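Asks: If you scroll down you'll find the structure; I have some questions about it.
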Amino acid sequence: MLLRLSGWYTATMPVKITISFSDPEDPEGFVSHYVNTHVPLVNDLPGLRAFEWGRALTNFDGSPPDAFWVISMTFDSEEGMHAAFASEAGQKTVADMPNYKAGSRVSVVSEVQ
């Protein structure tokens, strides 16, 4: 995607945030809260282009997964992602995160080619 800024064209690159969750205290409670409460909050984020979530499955080599749950969100740019989480909807989304307990949470923001 090219944006025109003050007479210049600059390429912006979509970004994806991927978060994996492991060892929830209550797996069924985690899924219930995530799907019924957190998903609607995430869907309200401004600029959200894609949102995927679900249980981690057996790895391609047959080994057990390193995570219980994995999500990804795609935005038009890194700036757009930061703006989404700075918004009122973003603050509500972040405020809900302690309400579904997992042993660990690992997030990575990456460019989308």
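Any read-out appearing in this document is the output of simple, stated calculations on the displayed coordinates, not a laboratory observation. Predicted model, so just to flag it, every value in this text is computed and none were measured. Please note: Cβ atoms are built from the backbone with ideal geometry, for glycine as well, and neighbour counts cover all protein chains shown.
Asks: Can you list the HN-Hα couplings for segment 78-84, worked out from phi with the Karplus curve (6.51, -1.76, 1.60; θ = phi - 60°), rounded to whole Hz and with x for Gly and Pro?
Replies: 5, 4, x, 5, 5, 5, 4
Asks: With θ set to phi - 60°, apply the Karplus curve 6.51 cos²θ - 1.76 cosθ + 1.60 along segment 95-109 and write out the HN-Hα couplings as whole Hz, x wherever there is a Gly or Pro.
Replies: 4, 7, 4, x, 7, 10, 8, 10, x, 8, 9, 10, 10, 9, 9
Asks: Something else: What FRET efficiency, computed as 1/(1 + (r/R0)^6) with R0 = 30 Å and r the Cβ-Cβ distance, is obtained for Asp26 and Glu79, rounded to the nearest 0.05? Show your work: numbers first, answer last.
Replies: On the way: r = 36 Å, r/R0 = 1.22.
Efficiency, rounded to the nearest 0.05: 0.25.
Asks: Identify which of the listed values of log10 I(q)/I(0) by the Debye sum over Cα atoms at q = 0.14, 0.18, 0.20 Å⁻¹ was calculated from the structure shown: (1) -0.50, -0.87, -1.10; (2) -0.88, -1.15, -1.22; (3) -0.63, -0.95, -1.10.
Replies: Recomputing log10 I(q)/I(0) by the Debye sum over Cα atoms at q = 0.14, 0.18, 0.20 Å⁻¹ here picks out (3).
Asks: Tell me which residues come under 5 Å, amide H to amide H, from Ser77 once H is placed; ignore anything under 5 positions away on its chain.
Replies: Under 5 Å from the amide H of Ser77 lie the amide H atoms of Val15, each far enough along the sequence or on another chain.
Asks: Hey, in the GNM for the chain with a 10 angstrom Cα cutoff, which one of Asp61, Asp76, Asp23 fluctuates hardest?
Replies: Between Asp61, Asp76, Asp23, it is Asp61 that shows the largest mean-square fluctuation.
Asks: Oh, and also: Over the chain, what is the relative contact order in percent, taking alpha-carbon pairs closer than 8 angstrom and at least six residues apart?
Replies: Numbers: 184 pairs, mean separation 49.6, N = 113.
Across the chain, relative contact order equals 44 percent.
Asks: Local charge sum around Asp76 (other residues, Cβ-Cβ under 13 Å, Lys/Arg +1, Asp/Glu -1)?
Replies: On the way: positive: Lys16, Arg49; negative: Glu78, Glu79, Glu111.
Combined, the nearby Lys, Arg, Asp and Glu give -1.
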